[in-house]
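Visitor: Shown below is the structure under consideration.
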Amino acid sequence: MTGASAGGARNLFSSLIPRALFLAPHLPSLYLSCISGVLLVLIQPPISLCPIAFFALIPLLYATDEHDCRPAFWIGFFCGLVSFTGLVYWVVIAMNRYGGIHIWLSCLILLLLVLYLSLYTGFFALTVSCLKKKLTLPVWLTAPLVWVLLEYVRGLLFTGFPWSFLAHSQDRFLHFIQVVSITGTYFISFIIVAINCIVYNVIRRRPVSAIYVSMIFFLFAGSLIYGFEELGKKEEGTLRAAIIQGNIRQDVKWDEAFKARTIRTYYLKTLEGARSADLIVWPETAMPFIFEDEIYANRYIKDLPGILQGNLLFGTVSRDRAGKHHNSAYVIDKRSETVGIYSKVHLVPFGEYTPLARYLPFLEKLTAAGGDFSPGEGHRPLNTQAGKIGALICYEGIFPYITNETVRNGAQVLVNITNDAWYERTSAPFQHFAFYVFRAIETDRFLLRCANTGISAIIDPKGRIQAQTPIFVETVLRGSFSLKDTKTFYVRYGDYFIVIIFIALAIMCSVKFIMQRNP
């Protein structure tokens, strides 16, 4: 670690010491918030104890119940420290082992990320506590609204990090989450927090509005009924897909000496397992070089679709006329012609570009190898003989608005190509995979996922996993999919539920404030 970094870390820790002493009388509450933090980790993949989500916030509600606003913030903040450390610890592995960043600096970056994310649980506890103390609004009424709004803000602020929302813990509870095709994913988080609050008040023998309880019960039961109805519909594939999981290690992926072996791996694996497939998919940067510059590889790869009489979609690097590099997906058809190129729009900060590098040059040291990309121009589907393909490169698929826009622009099937080799055998590949169950249901589209080291999968429009691969295995996944032109209510109208939540909270606060000013 550099002297400046070490000094910054010392200043950070020294500023936290007085706060820690301030919280000393509240240790029992911190223990409770810690329990909630641990439970928020256990409910997410790969552990996926999803039923616990409906009770995970109860210890935190206990912890903040009788406290003023200031200690409530720090109690919620501590809950976030525990939960987000357990959820995103893999950042250290990605940055240190494959990003070339010193272990101590990697740990510092993780700490800063966790501190930032913990602000959201801190502001949750602060806001709910203040609304209770200042405006006498009950927690069971405000907590679900505040939690959902903060999740939404986290998904947008500083390019957005909508990772491991409460709703994502329910990726296996398909009967419950079918409703996201109408409401979007935030609705699931709302119901989970509301049930936590109701159960908490029942345990504490405190009154809860019967109308409110009935409304939450109706919404939950209605979601289940809708889910049973939707899951009764069969989604049969009419086109054949072959997903090639090359399992190329991250430490050799960009090695020039390994390039020929990488090409051979994908070529031979495709010849072996992709015959008669309408669509063949290789992962993100399967060809880790500027494709158009490699004449030999270019011709070698373009021969494949003609030989197999299928369409090949693969990830590589492209360069535009201005000399800018892009993380791109190419489609080559049966005539061995390039019929479409999609360049990733939503880039990963410090992985694919360096924010503020022009003003803070030292930040460039944090950017991982190969990370000097420019964004593409829009989320347009690729027109192919296998239909209009909505390409989602890497973590673009964790953002609902991107898949919505892609489908509104005409995508008939969604294809996610990614490289999760950065994270090794941590929880990250499993957490990342869970998002695509929701994207398939929200958009009513088949979703084909090709990951370099897994998890690759075929997911139908109801979120059912038709087939999937284990991680770190070289294999071919075969299955079927269909093209769809429907547009769900959520695709058409987006996050209208957030608008409803915001208006509801604003009206409640305004009415209470006016009533207090004019008794």
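Values in this text are rule-based calculations from the coordinates and carry no lab data. These numbers were taken from a predicted model, which means no experiment stands behind them. Every residue, glycine as well, gets a Cβ built from its backbone with ideal geometry; the counts of neighbours run over all protein chains shown.
Visitor: Would you kindly derive the ³J(HN,Hα) couplings of the range 186-192 from the backbone phi angles with the Karplus curve 6.51 cos²θ - 1.76 cosθ + 1.60 (θ = phi - 60°), listing them in order in whole Hz, with x for Gly and Pro?
Guide: Once θ is set to phi - 60°, the couplings for the range 186-192 become 4, 4, 5, 4, 4, 5, 4 Hz.
Visitor: May I ask you to order 186-196, 378-388 by the average number of other C-beta atoms within 10 Å around their residues, highest value first? Don't skip to the end; give the middle numbers.
Guide: On the way: 186-196: 23.9, 378-388: 18.9.
So the peptides 186-196, 378-388, ranked by packing, come out 186-196, 378-388.
Visitor: Report the relative contact order of the range 239-487, percent, no decimals, based on alpha-carbon pairs under 8 angstrom and at least 6 residues apart. Mind dumping the intermediate values first?
Guide: Numbers: 592 pairs, mean separation 51.6, N = 249.
Once divided by the residue count of the range 239-487, the mean separation gives 21 percent.
Visitor: Using a Cα-Cα cut-off of under 17 Å, which lysines could be cross-linked to Lys259, ignoring same-chain neighbours fewer than 8 residues away?
Guide: Cα-Cα hits under 17 Å: Lys269, Lys302.
Visitor: Out of all DSSP beta bridges with both ends in the chain, state the antiparallel percent to the nearest 5. Intermediate results must be reported in sequence, preceding the final value.
Guide: Details: 29 of 48 bridges.
Beta bridges within the chain, antiparallel portion: roughly 60 percent.
Visitor: Show me, for the range 91-105, the HN-Hα J-couplings you get by feeding each phi into the Karplus relation (A = 6.51, B = -1.76, C = 1.60, θ = phi - 60°), rounded to Hz, glycine and proline as x.
Guide: 4, 4, 5, 4, 6, 7, 6, 10, x, x, 9, 3, 4, 6, 5
Visitor: Answer rounded, prolate or oblate for the range 360-519, using the Cα gyration tensor with square roots of eigenvalues a ≥ b ≥ c: rounded when a/c is under 1.5, else prolate when a/b is larger than b/c, else oblate.
Guide: prolate
Visitor: By the gyration tensor of its Cα atoms, with a ≥ b ≥ c the square roots of the eigenvalues, what is the shape of the range 221-278: rounded for a/c under 1.5, prolate for a/b over b/c, or oblate? Don't jump to the answer; show the numbers that get you there.
Guide: Working: a/c = 7.38, a/b = 2.21, b/c = 3.33.
Oblate, since a/c reaches 1.5 and b/c is not below a/b.
Visitor: Once you charge only the Cβ atoms, +1 for Lys and Arg and -1 for Asp and Glu, what is the size of the charge dipole of the chain about its Cα centre, to the nearest 20 debye?
Guide: Working: 47 positive and 36 negative charges, 152 e Å.
Here the size comes out at about 720 debye.
Visitor: So what J values fall out for the range 447-459 if you push phi through Karplus, 6.51 cos²θ - 1.76 cosθ + 1.60 with θ = phi - 60°, rounded to Hz, Gly and Pro as x?
Guide: Once θ is set to phi - 60°, the couplings for the range 447-459 become 10, 9, 10, 10, 10, 3, 10, x, 8, 9, 6, 10, 10 Hz.
Visitor: Another question, if that's okay. Along the charge dipole of the chain, Cβ charges K/R +1 and D/E -1, which of Ile500, Ala434, Gln516 sits furthest on the positive end?
Guide: Checking the options against the dipole of the chain, the answer is Gln516.
Visitor: Under the rule of at least 5 residues apart or a separate chain, name every residue whose amide H is placed under 5 Å from the amide H of Asp278.
Guide: Arg240, Ala241
Visitor: Would you work out which of Ala277, Gly246, Ile389 lies farthest towards the positive end of the dipole of the range 239-487, given +1 charges on the beta-carbon of Lys and Arg and -1 on that of Asp and Glu, about the Cα centre?
Guide: Most positive-ward Cα: Ala277.
Visitor: What residues qualify as long-range amide H neighbours of Leu49, i.e. H under 5 Å apart, gap of 5 or more or another chain, H built at 1.01 Å from N?
Guide: Under 5 Å from the amide H of Leu49: Ile43, Gln44.
Visitor: Follow-up question, since we're still on this one. Give, to the nearest whole percent, the P(r) tail of the chain beyond 36 angstrom, counting all Cα pairs. Can you show the working numbers first?
Guide: Working: 47715 of 134421 pairs.
Counting pairs separated by more than 36 Å, the tail of P(r) holds 35 percent.
Visitor: Any chance you could tell me what percent of the C-alpha pair distances in the range 191-306 go past 20 Å? Don't jump to the answer; show the numbers that get you there.
Guide: On the way: 4252 of 6670 pairs.
For the range 191-306, the share of Cα pairs beyond 20 Å comes to 64 percent.
Visitor: Something else now. Would you mind telling me the antiparallel percentage of the DSSP bridges in the range 239-487, rounded to 5? Could the numbers behind the result be given before it?
Guide: Values: 29 of 48 bridges.
Counting only bridges with both partners in the range 239-487, antiparallel ones make up about 60 percent.
Visitor: Hey, another quick one. Just to check, using Stokes-Einstein with a Kirkwood Rh over alpha carbon pairs, what's the diffusion coefficient of the range 239-487 at 20 °C and 1.002 mPa s in µm²/s?
Guide: Values: Rh = 17.9 Å.
In µm²/s, the coefficient is 120.
Visitor: What length, rounded to one decimal in nm, is gained on full extension from Tyr226 through to Arg205, with 0.36 nm per residue of separation minus their alpha-carbon distance?
Guide: Values: separation 21, 0.36 × 21 = 7.56 nm, distance 3.22 nm.
Fully extending the segment from Tyr226 to Arg205 adds 4.3 nm.
Visitor: Can you tell me the relative contact order of the chain? Whole percent, Cα pairs under 8 Å, sequence separation 6 or more.
Guide: 15
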